[in-house]
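The values are calculated or read from the model by the stated rules, or taken from the named source; none is laboratory data. The structure presented is a predicted model; accordingly, all values stated were derived computationally and were not measured. Cβ coordinates were reconstructed from backbone atoms using ideal geometry, including for glycine residues, and neighbour counts include every protein chain displayed. Calculation scope for accessible area: heavy atoms of the full protein, side chains included, ligands and nucleic acids excluded. Shrake-Rupley method; radii C 1.70, N 1.55, O 1.52, S 1.80 Å.
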Amino acid sequence: MTEERKNNRKLLAFFIVFFVVIAFLAIYGAEHYDAHDETIELEQYCKVSDSDLIKDNTSTFVYYITWDGSPTGDAGSWAVYDFLNSTGFNMTGKFIETQSMSGYQYNNTPGLIFNTSYTYSVTYDHRNTIIVPVYLYGENLSKNTTPEAGLKALKADVPPSVYSVIKGYTTEAIVNGPCMPSDNISSIPHINSVTLITGPSGAYLLNGYIVKPDYGNATPEKVLQDVNQNIHDYGINTGMEGLEATIKDVR
């Protein structure tokens, strides 16, 4: 064998090993996301992936991550409800009316708790879209409501790739402004409410509220009536439009 052929084989072997390593790192990186060097804005849809977080996915998924007594979750629940209702989904029996915990920010925000035993699946913009509500804690935050407890509940309900991104952007990435991860912004550290939307064109995450938790003294019954009759907006239409636009962006 000539020296030139030996060198060519060595070069070929090098490139094969190189591409195998690159492929391994890409797969490892997708499964073991690290957001320590990332930052994120609050209340904005931020792109967190250029590809679908769920392999071989034929649907768009909207993961609505919150907790039972969250003012952020309760406020945003109306935008999720309005989106489902406007696409023709029969919401009868699929939710209960609620109010966020007292003695916390935005006391007694009216909202909805979705029944997680149902699949909230609709056709939107010619594509199947599935809303996945996930509740990490009970009604009231306490000293036992830790980020670790929230992550444990989250891990049981979402795919590993979705878990890694949400964990990264709530416990590792620094929020611009407060300059700390969002799980520590509250006086009681916990995994805060976030919305993650993933599809073929990538994934976006909104850290914080879809709709500002500012409903005055309105009760859940009053807001539900107003939403169904298009009487009072409360900022819900803007929240729903942002949800719809982002769903289209990941098609």
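What to note about this one:
- Pairs from LYS94/LYS143; LYS94/LYS155; LYS212/LYS248; LYS143/LYS167; LYS152/LYS248 whose Cα-Cα separation, in the structure shown, is over 28 Å: LYS94/LYS143; LYS152/LYS248
- Per residue, the chain exposes 51 Å² of solvent-accessible protein surface, assessed with a 1.4 angstrom probe and all protein chains in place.
- Computed over the chain, the per-residue total of -39500 (n - 2.57) for DSSP H runs of n ≥ 4 gives a 222 nm mean residue ellipticity of -12000 deg cm²/dmol, rounded to 500.
- When you filter the trypsin sites (Lys or Arg not before Pro) in the stretch 133-211 for DSSP loop state and at most 15 other Cβ atoms inside 10 Å of their Cβ, you are left with LYS143.
- Residue with peak Gaussian network fluctuation, the chain [Cα springs, cutoff 10 Å], from ASP183, ASP226, ASP52: ASP226
- Within a Gaussian network of the chain (alpha carbon springs, distance under 10 Å), most fluctuating of ASP157, ASP74, ASP56: ASP56
- Accessible carbon and sulfur surface of the chain relative to its total accessible area, %, 1.4 Å: 51
- Residue of SER77, SER117, SER59 that the Gaussian network model of the chain assigns the largest fluctuation, springs spanning Cα pairs under 10 Å: SER117
- Percent of beta bridges antiparallel (DSSP, the stretch 39-250, rounded to nearest 5): 75
- Under 16 Å from LYS222, Cα to Cα: aspartates and glutamates that are on another chain or at least 8 residues apart: ASP74, ASP82, GLU97, ASP214, ASP233
- Amide hydrogen neighbours beyond the local backbone of ASN108, cut-off 5 Å, H modeled: SER100, MET101, SER102
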